[in-house]
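The values are calculated or read from the model by the stated rules, or taken from the named source; none is laboratory data. What you see is a predicted model; the values in this text were computed from it and never measured. Glycine also receives a Cβ, built like all others from the backbone with ideal geometry; neighbour counts cover every protein chain displayed. Surface accessibility is based on the protein's heavy atoms, side chains included, excluding ligands, DNA and RNA. Shrake-Rupley method; radii C 1.70, N 1.55, O 1.52, S 1.80 Å.
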Amino acid sequence: MSTLPLDYETLRLIWWALLGILLAGFAIMGGRDLGVGALLPFVARTDAERRVLINMVGPTWEGNQVWLVLGGGAIFAAFPPLYAVSFSGFYLAMIVILLALILRPVGFKFRNKVADPRWRSIWDWALFVGGFVPALILGVAVGNVLLGAPFHLDDTLRAFYTGNFFQLLMPFALLSGLVSVGMIVTQGAAVIAGRTSGVLAERARLFGTWSGLATIALFALGGLWVAFGMDGYVITSVVDGSAAINPLGKTVALVHGGWVSNYGTYPWMIVAPVLGFLGLVGAVLGLRGQWGVPTLVASSLAIFGIVTTAGLSLFPFLLPSSTVPVASLTLWDASSSQLTLFVMLLATLVFLPIILLYTAFVFRVMRGPVTTQSLEKNPNAY
């Protein structure tokens, strides 16, 4: 019998929740930078205006990537089978994301090295790609998780992925990608509108309003599609939350509308999609009303609601298999050992508050409007 103060089932649930929080944290914090980058060529029309936007996210974007690193690390350490299947099966998509993300620091550093407008325009579009492409592909990835990934396990639990990159571009997955882009662009617009003034802020409010309204429509369409247009996965055997991992030790059925069954079993989960819709409505109203910080809060709540809607709909599945449903990875059969989860939790309880405090300190130091005049006074500006 284990002498640890938390049982295996509780630790699994805690790490499932922590993984969701980390991914939502990246979408909210990293979404600030991705959204500004995606809006850069459209909101900012002159070199001076684009420098304002670049310097708005330049000092903090690296810190925001901590959430992405933490999310990947949590998958690696807490759910190693999920890491093995997803990172090996989706490696081409992940390479595209990484290459796009690499364009951001390169763009920040090299854009101002040459005064030629053509040179700077190239890097401006590189920064756009660095914001738009990760937002799109990460959303497509979530859509593919809901559809199920083409993989199976042999009798030794070795994973075999049988899909390819272009199979990821299914209509529902592309819809999920557009939802992701919409919420990220709305987040970026809220950041720009809150820290600039004049024509820059007005353009950001216009783009943010349209992206917010589009995201409301796309999120609703996605919900209807999940509820009435696709099959969801349901575990039909008895679940032992404290059992040793064995992904092949269960039975799984495909049920029409199965992904919405959790909302009947756990009615409190409806809070997530409601928060997504209300946050988007609040962000649109805040952009039109020039509410500043409340707009960013509403947009962040919308992202949290949308991300958690996907996670709660999937529960307890982590990565369903579209080819062999019984091989689907779930919270109960794809986690690390009880001791590993407990030690990781202790480390998280120490270091996560430090990260939160440091992040709050950095944003407090970097707060305030960014203007062309402030850039002229800063010799370290991009």
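Quick notes on this one:
- Checking each residue in the range 160-180 for being more than 17 Å from residue 134 (Cβ to Cβ), part of a helix (DSSP H, G or I) and either open to solvent by less than 20 Å² (accessible area, probe 1.4 Å) or in contact with a strand residue (DSSP E or B) (Cβ under 6 Å, 6 or more places away or on another chain) (or both) picks out 172, 175.
- Any hit, the range 122-132, residues being under 22 Å from residue 254 (Cβ atoms), open to solvent by 80 Å² or more (accessible area, probe 1.4 Å) and either among the aliphatic types (A, V, I, L, M) or modelled with pLDDT under 90 (or both): no
- Positions within the range 284-305 being polar (S, T, N, Q) and open to solvent by less than 20 Å² (accessible area, probe 1.4 Å), in sequence order: 295, 299
- Residue within the range 240-260 that is open to solvent by 60 Å² or more (accessible area, probe 1.4 Å), farther than 20 Å from residue 307 by Cβ, without any contact (Cβ under 8 Å) to a residue 60 or more places away in the chain and under 25 Å from the mean Cα position of the chain (by Cα) present: no
- Check on residue 309, farther than 29 Å from residue 255 by Cα and in contact with a helix residue (DSSP H, G or I) (Cβ under 6 Å, 6 or more places away or on another chain): no
- Residue in the range 18-26 that is open to solvent by 10 Å² or more (accessible area, probe 1.4 Å), of a type in the set (A, V, I, L, M, F, W, C), over 28 Å from residue 193 (Cα atoms) and in contact (Cβ under 8 Å) with a residue 60 or more places away in the chain present: yes
- Test: residue 183 is over 21 Å from residue 372 (Cα atoms), within 15 Å of the chain's Cα centre (by Cα) and either open to solvent by 60 Å² or more (accessible area, probe 1.4 Å) or at pLDDT 95 or above (or both): yes
- For the range 306-361, taking the residues that are aromatic (Phe, Trp, Tyr) and surrounded by fewer than 23 Cβ atoms within 10 Å (Cβ to Cβ), the one that is nearest to residue 273 (Cα to Cα) is identified as 315.
- Identity of the residue in the range 79-109, touching a Phe, Trp or Tyr at 6+ places or on another chain (Cβ under 6 Å) and among the aromatic types (Phe, Trp, Tyr), that ends up farthest from residue 39 (Cα to Cα): 83
- Any hit, the range 62-69, residues being within 18 Å of the chain's Cα centre (by Cα), among the small types (Gly, Ala, Ser), at pLDDT below 90 and surrounded by fewer than 18 Cβ atoms within 10 Å (Cβ to Cβ): yes
- Among the residues of the range 51-65, some residue qualifies, meaning at least one is polar (S, T, N, Q), touching a helix residue (DSSP H, G or I) at 6+ places or on another chain (Cβ under 7 Å) and closer than 30 Å to residue 163 by Cα.
- Scanning the range 363-374 for residues that are open to solvent by less than 90 Å² (accessible area, probe 1.4 Å) and in contact with a helix residue (DSSP H, G or I) (Cβ under 6 Å, 6 or more places away or on another chain) turns up 370, 372.
- The single residue among 190, 135, 217 that is exposed (fewer than 15 other Cβ atoms within 10 Å of the Cβ), at pLDDT 90 or above and within 29 Å of residue 286 (Cα to Cα) turns out to be 217.
- Qualifying positions in the range 75-117 - among the small types (Gly, Ala, Ser) and either surrounded by fewer than 21 Cβ atoms within 10 Å (Cβ to Cβ) or touching a strand residue (DSSP E or B) at 6+ places or on another chain (Cβ under 8 Å) (or both): 77, 84, 86, 88, 89, 93, 115
- Note on the range 220-255: residues that are under 24 Å from residue 174 (Cα atoms) and either part of a loop (DSSP other than H, G, I, E, B) or modelled with pLDDT under 90 (or both) total 2.
- Filtered residue count, the range 27-50, keeping only those that are open to solvent by 10 Å² or more (accessible area, probe 1.4 Å) and not in a helix (DSSP H, G or I): 2
- Residue check for residue 53: surrounded by fewer than 21 Cβ atoms within 10 Å (Cβ to Cβ), assigned to a helix (DSSP H, G or I) and either more than 15 Å from the chain's Cα centre (by Cα) or among the aliphatic types (A, V, I, L, M) (or both): no
- Test result for residue 330, over 30 Å from residue 163 (Cα atoms), touching a residue at least 24 places away in the same chain (Cβ under 8 Å) and polar (S, T, N, Q): no
- Of all residues making up the range 265-283, the number that are farther than 26 Å from residue 194 by Cα, of a type outside the set (S, T, N, Q) and open to solvent by 10 Å² or more (accessible area, probe 1.4 Å): 5
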